[in-house]
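Heads up, the thing below is written out as structure tokens.
Each value in this text was obtained by applying a stated rule to the coordinates, not by laboratory testing. Owing to the predicted nature of the structure, the values given are computational and were not obtained by experimental measurement. Glycine also receives a Cβ, built like all others from the backbone with ideal geometry; neighbour counts cover every protein chain displayed.
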Amino acid sequence: MHFDYFIPTRIIFGRGRLDELSSLPLPGKKALIVITNGKSMRNLGYLDKVASLLEQNGVEAEVYDKVLPNPIEKHVMEAVEQARNGNCDFIIGLGGGSAIDSAKAIALMVKNPGTYWDYVKGLKKITQKILPVVAIPTTAGTGTEADPWTVISNLDTNEKIGYGIPELFPSVAIVDPLLMVSVPQKLTAYQGMDAFFHAVEGYLACVAQPFSDMLAKEAIRLIAEFLPIAVVDGENLQAREQMAWASTAAGMVESTSSCISEHSMEHALSAFYPDLPHGAGLVALSVPYFSYLLEKNPDKVRVRYIEMAHAMGMPGETPESFIEALKKLISAVGLSDLKLSDWGIRPEEAEKLAANSFEAMGALYELDPVALTPQDAAQIIGRAIR
Ligand SMILES: [Fe+2]
């Protein structure tokens, strides 16, 4: 048994715990608060609340509010300029994964020269300090509050790349399920399914280890039980709380194991179709993807598929029971009718998308339990497009 465990984030979890921002030791004196271009952080009063809690804590703040749902490098660099001009010494990501991931990328760039893409592509080495990040998730899905990953797209190159180094773990994450009750039904389903696939992929990855296995199985169990409830009854605090924990736990799975090529394929889809929500792309890929792994090499996935099916409350001793449990969950969260063609994706693009997934996110293919070729990926993507 060989494994590393390193999750240096202080996680403050629980209903109402955002209030502790007023007295919590923070890693700086002036924050850049990063939010998306949507209206929710303002309309729900979260932005004002965070600003006032910071003020009580003696911390100044300014706001960058242009981040897109699929965040782009151009906005990272724009916010970096603002942080430099405003002498911000730490970054707060407030919102979903897009806001928190952007906060991480901004934190990397404030003191380092060049463009963010220079570092993602390995053209430049980080030489200067990365600013600390405080993550305040208002959705249950990405797990970015408990992992070192940030996913940013470059529209010039059609690349959507996940990048992570240990310094990008948030220093503090405040996970307050009360902030999640207002997430609309569809988004609750998409985001919750994203967390589900972080856990499933982390359970299947060839770098899975005892710590990630423990959390992955628990996250799979919780999501199968509570996501359908959170989708139907968004005000159900127990379901929101369990989903918040499942998402953070699945983020810890990403930190100690890894996502596999299902995420590479999804990033290719949303690199070309930025309006496609990440979770929707994953759901569309999932049944063809996990069925293909099973067809190609049943011996490599049989045991873990059966274990995941059991965690999802599906009896049976065949690996197909996991595919059945997956279909049942997709239906229970109201996504059985999801079609990639609704976002304009066409079957003839499968090869191009498969090639992009290898070019931009090829590293995850090396962690797959069953080795996939670009031809395999094109088959899977082709089956997923309807
Ligand atoms: Fe994801």
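Note on the range 185-384: dipole from Cβ charges, positive end direction compared against Ser258, Ser247, Val287; the farthest Cα belongs to Val287. For Ile33, nonlocal amide neighbours, meaning residues 5 or more places apart or on other chains whose placed amide H falls under 5 Å from its own, are Glu62, Val63, Tyr64, Ile92.
Rank these for me by crowding, Phe13, Phe290, going from fewest to most other beta carbons within 10 Å.
Phe13, Phe290
The Stokes-Einstein estimate for the range 10-176, based on a Kirkwood radius over Cα pairs and taken at 10 °C with 1.306 mPa s viscosity, is a diffusion coefficient of 102 µm²/s. For the pair the range 1-33 / the range 186-250, the C-alpha centres are spaced 20 Å from each other. What share of Cα pairs, in percent, lie more than 35 angstrom apart in the chain? Considering the chain, 20 percent of its Cα-Cα pairs are separated by more than 35 Å.
Relative to the longest principal axis of the Cα atoms of the chain, helix 374-384 runs at roughly 90 degrees. For the range 287-304, 3J(HN,Hα) computed residue by residue from phi via the Karplus equation (6.51, -1.76, 1.60; θ = phi - 60°) reads 5, x, 5, 6, 5, 5, 4, 5, 5, 6, 8, x, 4, 6, 10, 3, 4, 5 Hz, glycine and proline entered as x. By the count of other C-beta atoms within 10 Å, a proxy for reagent exposure, Tyr273, Tyr203, Tyr163 are ordered fewest to most as Tyr273, Tyr163, Tyr203. Listed by chain and number, the lysines whose C-alpha is less than 17 Å from the C-alpha of Lys121, apart from same-chain residues fewer than 8 away, are Lys74, Lys104, Lys160.
Checking the cross-link pairs Lys125/Lys296; Lys66/Lys328; Lys66/Lys124; Lys29/Lys217 against a 31 Å limit on the alpha carbon distance flags Lys125/Lys296; Lys66/Lys328; Lys29/Lys217 as lying beyond it.
Stretching Lys30 away from Glu320 to a fully extended chain increases their span by 99.1 nm, per 0.36 nm per residue minus the current alpha-carbon distance. Using 0.36 nm per residue and subtracting the Cα-Cα separation, the extra length available between Val303 and Glu167 on full extension is 45.4 nm. Of the beta bridges in the range 119-174, as assigned by DSSP with both residues counted there, near 75 percent are antiparallel. Expressed as an acute angle from 0 to 90° and rounded to the nearest 10, what is the orientation of the C-alpha long axis of helix 185-204 relative to the principal long axis of the chain? Its long axis makes an angle of about 70 degrees. Cβ-to-Cβ counts within 10 Å put Ser212, Ser22, Ser336 in ascending order as Ser336, Ser22, Ser212, the fewest first. Percent of Cα pairs in the range 185-384 per distance bin of 5 Å, from zero to the largest separation: 1, 9, 17, 21, 22, 17, 10, 3, 0.
Note on the range 299-357: semi-axes of the ellipsoid equivalent to its C-alpha gyration tensor, largest first and rounded to whole Å, are 29, 17, 7. The H on the amide N of Thr138, modeled in the peptide plane, is under 5 Å from the matching H of Gly95, Gly96, each at least 5 residues off or on a different chain.
Dipole size of the chain about its Cα centre, with +1 on Lys/Arg Cβ and -1 on Asp/Glu Cβ: approximately 420 debye, rounded to the nearest 20. Helix 97-109 versus the longest principal axis of the chain: what is the Cα-based angle in degrees, 0 to 90, to the nearest 10? For helix 97-109, the angle is close to 60 degrees. Computed from backbone phi, the HN-Hα couplings of the range 158-173 come to 6, 10, 10, 10, x, 10, x, 9, x, 5, 8, 4, x, 6, 9, 10 Hz, rounded to whole numbers (Karplus: 6.51 cos²θ - 1.76 cosθ + 1.60, θ = phi - 60°; Gly and Pro given as x).
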